[in-house]
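Contents: one structure, followed by commentary.
Each value in this text was obtained by applying a stated rule to the coordinates, not by laboratory testing. Treat the numbers as computed from the prediction; the structure is a model and nothing was measured. Neighbour counts run over all protein chains shown; Cβ positions are idealised from the backbone, glycine included.
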Amino acid sequence: MNPLTELHTQHTRRAFLGRGTLGLGGIALGSLLNAQAAKPNAIGGQADLPHFAPKAKRVIYLFQSGGPSQMDLFDYKPHLAKRFGEEVPESIYPAERKTTMTSGQASFPCAPSTLKFTRHGQAGTWLSEPLHHLAQVIDDVCVIKSMHTDAINHDPAATLFQTGSVLPGRPSMGAWVSYGLGSGNANLPAFVALTSNGRAKAGQPLYDRLWGAGFLPGRFQGVKFRGQGDPILDLYNPAGVTRAQRRRMLDALGKLNRDQAGRFNDPAIATRIAQYELAFRMQMSVPELIDVQREPQHILDQYGPDATKVGKYAYNCLLARRLAERGVRFIQLYHRGWDAHNNAPKEVPAQCRDTDRPTAALLLDLKQRGMLDDTLVVWGGEFGRTIYCQGKLTKQVYGRDHHPNCFTYWMAGGGVRGGMSYGETDDYSVNVTENPVHVHDLQATILHQLGIDHERLTYRYQGRYFRLTDVHGKVVKQILA
């Protein structure tokens, strides 16, 4: 350790208290116990949280990586059919908002959706034909048509949604929630991340920093469950190693770590101690968790034929429900393949074949278990798609480029009003015309439903206090029940 850094850490309040007990390991344990005493249903978290009574106990965030096409799914524009092939006016779509993938095109023809739309539910919500399972539960869903973002390319746009900044290195939303509220189960992480691929295409890369802890202590980062093989590496003891032997090894390792913590007062050592213990407990809890074959057959049938196939979106949706009912606070699903640059009429329905049935099944499953009222489900990607065609336009084939100005998200459960649409876009589905919702507004609303004031959940780093919503964001109260 750098001597100046060591001197600094030894003069912090945490270090002073640590020297008087068992080092940082004892301080970490003490903080967990104090927080738990204040919040008997939570393990860890900040003593002053939640700030007010929450409407949701947990979040399941179904992130659709690649940018779902809003005008092919939710944002119905029937009058555009007669504008097929017409140039989208530059006054509507200026050159500076086009990516380099299409800015050099000689023409920007209007590409109306080829998919049929129908009204569903008591509110008459418009949905396209590939969403026929979601249509059955649409009265539990609030469709937000007026989302907009700052980023036009995948990685910064996804990073903004997940961490509140287009720059890598900030804590993810799940890490903030884990830091603030702690876990509901000592044997499982507070924050779990799951990934899956669409059948049509692999999609954009998903980096671990999207569920990382950033500058928060490392124990708050999301634990990724792998999509093949064992969900977590080293979940099972090696051949010939018993659980008792593993316990003795961890006890010896913990003693060494506590000794180091007492000498160097390094916060990372406290994190290491806590994570080793969590990993030991997960060896008992995770095998039962991932055994979805224990589910009744009618539940497996509800999620579809991929419900028992590890790594598939349907399996992850079912696993999300199992995680939620076991006290996991923030469950993040990432599903890739929505990047429909070349053939939206084929690729969008293909993605829906993977996602529509399991998504609706998740809502039904939560509802029939009495969990939807206190589980906030969020669906959406990093941006939308252009109304103009990328590449050559035909009656059957059109591609769509990235579009940050307007796109659709939806939320269900957790104190959100169901059976409503919020916000409007212009005639071309290019700009928001009513009730805009920025990324930080969405984040503020999610935190609010968990009982967190987004302006008060902060962490001091490099001389300033950071928060998920930076210096922006307002709760979208109009969509709350």
* **Members of 55/145; 224/309; 55/77; 346/367; 116/309 lying beyond 27 Å, as alpha-carbon distances in this model show** => 55/77; 346/367; 116/309
* Working from the alpha-carbon coordinates of region 274-344, get Rg over Rh, Rh being the Kirkwood radius. => 1.08
* Structure fact -> Fewest to most Cβ atoms within 10 Å: 269, 299 sort as 299, 269
* Please give the length that would be gained between residue 395 and residue 119 if that part of the chain were fully extended, namely 0.36 nm times their separation in residues minus their C-alpha to C-alpha distance (nm, one decimal). => 96.9 nm
* To do: Return the tail of the calculated pair distribution for region 229-330, meaning the percent of Cα-Cα pairs more than 20 Å apart.
  => 54
* Structure fact -> Hull volume per residue for region 63-221, using the convex hull of the C-alpha atoms, in Å³ is 174
* **Kirkwood hydrodynamic radius (C-alpha pairs) into Stokes-Einstein, region 332-429, 37 °C and 0.692 mPa s, D in µm²/s** => 212
* **Convex hull volume per residue in cubic angstrom - Cα atoms of region 354-481** => 166
* Cα gyration tensor, region 157-229 - rounded (a/c under 1.5), prolate or oblate -> oblate
* Asked: How big is the Rg/Rh ratio for region 128-250, C-alpha atoms only, Rh by Kirkwood, two decimals?
  -> 1.06
* Asked: Contour minus end-to-end for residue 167 and residue 283, with contour as 0.36 nm per residue of separation and end-to-end as the Cα-Cα distance?
  -> 38.2 nm
* Could you state the orientation-averaged shadow area of the convex hull built on the Cα atoms of region 103-143, in nm² to one decimal? => 4.3
* Could you tell me which of rounded, prolate or oblate describes region 206-252, using a ≥ b ≥ c as the square roots of the eigenvalues of the alpha-carbon gyration tensor, with rounded for a/c under 1.5 and, failing that, prolate when a/b is larger than b/c and oblate otherwise? => oblate
* Asked: Which order do peptides 365-372, 116-123 fall in by mean Cβ count within 10 Å, highest first?
  -> 365-372, 116-123
* Could you run the Debye sum over the Cα atoms of the chain, one equal point scatterer each and no solvent, and tell me log10 of I(q)/I(0) at q = 0.06, 0.08 Å⁻¹, two decimals? => -0.29, -0.50
* Binned at 10 Å from 0, what are the whole-percent values of the Cα-Cα distance distribution for region 227-289, short to long? -> 19, 45, 27, 9, 0
* Structure fact -> Inter-part gap, Cα centre of region 305-333 to Cα centre of region 67-125, in whole angstrom, is 33
* Structure fact -> CD proxy, 222 nm, the chain: helix-only mean residue ellipticity via -39,500 (n - 2.57) per DSSP H run with n ≥ 4, per residue, nearest 500, stands at -10000 deg cm²/dmol
* To do: Using a/c under 1.5 as the rounded threshold, could you call region 45-101 rounded, prolate or oblate? The axes a ≥ b ≥ c are square roots of the C-alpha gyration tensor eigenvalues, and prolate needs a/b larger than b/c, oblate otherwise.
  => prolate
* Compute the length gained on full extension between residue 243 and residue 480: take 0.36 nm times their separation in residues and subtract their Cα-Cα distance, giving the result in nm to one decimal. => 80.5 nm
